[in-house]
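Since the structure comes first, as structure tokens, the remarks are kept for the end.
FYI, it's all coordinate maths here, none of it is from the lab. Predicted model, so just to flag it, every value in this text is computed and none were measured. Cβ atoms come from the backbone with ideal geometry, glycine included; neighbour counts cover every protein chain shown.
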Amino acid sequence: MKESRSQGKIVGTVVTVGGAMIMTLIKGPTIALPWTKPSEISNHHSTSNPQTPINGALMIAAGCFCWAIFVVLQAITLKSYPAELSLAALICMMGAPQGTVLTLLVEKGNTAIWSIHWDTKLLAAAYSGIICSGASYYVSGLVLKEKGPVFFTAFNPLCMIIVAIMATFILAEQMDLGRVLGAIVIVVGLYLVIWGKANDQTLSGSGRDLQGAPVDHSQTTTTKDSGPPLTKDDNHLAVSSA
């Protein structure tokens, strides 16, 4: 805790989470962009159950906790099983039956959800399975193997910035001041985390240098087998004998 690199990672993590909260909770004035359109959502009183936000918050917290455990376990697994592509395939194979069982329990007798049509739902399902699961797990395995789980999870809030920017172009959503401020805070937190991780790598590299080069035991064995080194008298005797 006294090391500046560790303090930078801790402060950077807190700042990054704070930036994500700013993007979520604070709106502020709308920033007019040429390619966005005004919001057409009407203000009306919600008739939903008041327990829904509480249940949603609990489910989100459980999802974040499980995701953190998954990242740590993936990093540990890659140390003994350094095959990122095979590990991604195994994760998807284990997730497919779990998702099937969960869907059967939640939807029960609703067989219409299993129908396949050539529409955006099929495209969304294919994109989620191929890109968000298969390719994402493989790339995350590469990053976890090289940089570790701290470096990988530090970039999770960056997804909020990417989504907010892409939504303005693809969905023509408006950008507000809260999202811009939250994005700036997230970038600052990411910089602190990356700075702390860079110092970790520098320290580990200097520690390896201090250990020195390994001793070559082959030369020692050869010298031992060949006997003591020859002196000048031994050389003179050998030449006289020849």
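Would you mind computing, in nm to one decimal, how far apart the modelled labels at Ala61 and Thr77 are, each placed 7 Å from Cα along Cα→Cβ?
2.7
³J(HN,Hα) across segment 105-117 via Karplus (A = 6.51, B = -1.76, C = 1.60, θ = phi - 60°), whole Hz, x for Gly/Pro?
Karplus-based 3J(HN,Hα) across segment 105-117 equals 6, 6, 7, 6, x, 7, 7, 5, 6, 8, 6, 10, 10 Hz.
With the Cα gyration tensor of segment 122-169 giving a ≥ b ≥ c as the square roots of its eigenvalues, does the rule (a/c under 1.5 for rounded; else a/b larger than b/c for prolate; else oblate) give rounded, prolate or oblate?
Since a/c reaches 1.5 but b/c is at least a/b, the shape of segment 122-169 is classed as oblate.
How would segment 103-190 be classified by its alpha-carbon gyration tensor: rounded, prolate or oblate, with rounded meaning a/c under 1.5 and the a/b versus b/c comparison settling the rest?
In terms of gyration-tensor shape, oblate.
In whole angstrom, how far apart do the alpha carbon centroids of segment 118-142 and segment 61-102 sit?
When both Cα centres are located, 15 Å separates them.
Would you mind checking which residues have amide H under 5 Å from Met175's amide H? H placed 1.01 Å from N; only 5 or more apart, or other chain.
Placed amide hydrogens put Ile31, Leu33 under 5 Å from Met175.
Mind running the shape call on segment 1-156? Use the C-alpha gyration tensor, a ≥ b ≥ c as the square roots of the eigenvalues: rounded below 1.5 for a/c, prolate if a/b tops b/c, oblate otherwise.
oblate
Expressed in nm to one decimal, what extension gain is obtained for the pair Glu3 and Thr168 from 0.36 nm per residue of sequence separation less their Cα-Cα distance?
Net length gain for the segment: 55.3 nm.
Step through the residues of segment 150-156 one at a time and calculate ³J(HN,Hα) from phi using the Karplus curve (6.51 cos²θ - 1.76 cosθ + 1.60, θ = phi - 60°), rounding each to whole Hz and writing x for Gly and Pro.
Per residue, the Karplus-derived 3J(HN,Hα) values read 5, 5, 5, 6, 5, 8, 4 Hz.
Between Leu122 and Ile184, what FRET efficiency follows from the Cβ-Cβ distance if R0 is 45 Å, with the result rounded to 0.05?
For Leu122 and Ile184, the calculated efficiency is 0.75.
On a 32 Å Cα-Cα criterion, which of the cross-link pairs Lys37/Lys197; Lys27/Lys121; Lys121/Lys147; Lys2/Lys79; Lys9/Lys121 come out too long?
Flagged as over cut-off: Lys37/Lys197; Lys121/Lys147; Lys9/Lys121.
Please work out how much length the chain gains when fully extended from Ser115 to Ile54, using 0.36 nm per residue of separation minus the C-alpha to C-alpha distance, in nm with one decimal.
Going from the current span to full extension adds 18.7 nm.
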